[in-house]
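Worksheet: one structure, shown below.
The values are calculated or read from the model by the stated rules, or taken from the named source; none is laboratory data. Bear in mind the structure is a predicted one, so any value in this text is a computation, not a measurement. Cβ sites come from the backbone with ideal geometry, for glycine too, and all protein chains shown count toward neighbours. Each accessible area value is taken on the protein alone, full model and side chains, heavy atoms only, with ligands, DNA and RNA left out. Shrake-Rupley method; radii C 1.70, N 1.55, O 1.52, S 1.80 Å.
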Amino acid sequence: MKKVNIIVIGPPGAGKGTQSERISGELGIPHISTGDMLRQHSDLETEHGMARDYMDRGDLVPDKIVYSILDHRLKKRDTENGFVLDGFPRDISQARHLESMEKIDAVISLEVDKNNVIRRLTGRRICDSCGKTFHLDYKPPVKEGVCDKCGSDLVQREDDKKDVIEQRLKKYRDKTLPLKEFYRKKGVLRKVDGNKDIEAVWNDIKEMIEEFLR
Ligand code: ADP
Ligand code: ADP
Ligand code: ZN
């Protein structure tokens, strides 16, 4: 199979993680989420643990920390057939950094209305232990409050609380949104209507992937 490097962008709560997981399974390439990696580092209180302060405020973590984690991850053997990147780049300078290392084949932009984004963020619950994502209404676990995969407790992310959500949306508008124009000019931007339900969005993405792999 030829190498395929995909980026999924969209506002917080758009469904980037959910759809990236599907793409990863379908194409057999790793799902690389800078948000997940940063949360793991904060849980483990590694040298990058101070990232948590920025995340809990809804601010972007400094590039130095993010680059050190991402660059290391991209060097792993499992990226030899490509990767699906979720949560990176977050601004133009991160996009340039990535460009200096990897060629990007497609940037899938999940287009989701603000009211849906808010509903998805406030109802999101994640597993305390393995990080798997659920939603109170749209993707409830089999047993309330418990992870389907590992049986641990489901919790709300600190940054999914109301006041932090506003700050994250502001950062998205100011910093991340301009990436769409950046990638459109390069001819790799592909917009998908992310307002539909999880299966419907996945079907649209799958069709699109089949088309550009052809
Ligand atoms: P992101 O990675 O963009 O922040 P997630 O994939 O974590 O987004 O999704 C945010 C929340 O919305 C999760 O609780 C997830 O289960 C739910 N969700 C994801 N996609 C959809 C969808 N198409 N319709 C309804 N809920 C969704
Ligand atoms: P969401 O998809 O809901 O926005 P993420 O899990 O992608 O959430 O990111 C959570 C937080 O992690 C961000 O608000 C930010 O503080 C930090 N973060 C994730 N990716 C990056 C990045 N590429 N650059 C800087 N900060 C990041
Ligand atoms: Zn779990």
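Of note:
- The single condition from (1) within 16 Å of ligand 1 (Cβ to nearest atom); (2) surrounded by 21 or more Cβ atoms within 10 Å (Cβ to Cβ); (3) not in a helix (DSSP H, G or I) that residue 38 fails is (3).
- Members of the range 6-27 found to be part of a helix (DSSP H, G or I) and more than 9 Å from the chain's Cα centre (by Cα), listed by number: 21, 22, 23, 24, 25, 26, 27
- Only residues that are in a helix (DSSP H, G or I), surrounded by 14 or more Cβ atoms within 10 Å (Cβ to Cβ) and either within 13 Å of the chain's Cα centre (by Cα) or among the aliphatic types (A, V, I, L, M) (or both) were counted across the range 41-57, and they come to 2.
- Within the range 58-81, restricting attention to residues that are farther than 17 Å from residue 41 by Cα and assigned to a helix (DSSP H, G or I), the residue that is farthest from ligand 1 (Cβ to nearest atom) is 77.
- Selection of the range 110-130 for residues being of a type in the set (Gly, Ala, Ser) and either buried (at least 19 other Cβ atoms within 10 Å of the Cβ) or more than 15 Å from ligand 2 (Cβ to nearest atom) (or both) yields only 129.
- Residue 141, sole failed condition from (1) within 12 Å of ligand 1 (Cβ to nearest atom); (2) open to solvent by 30 Å² or more (accessible area, probe 1.4 Å); (3) free of Cβ contacts under 8 Å to residues at least 24 places away in the same chain: (2)
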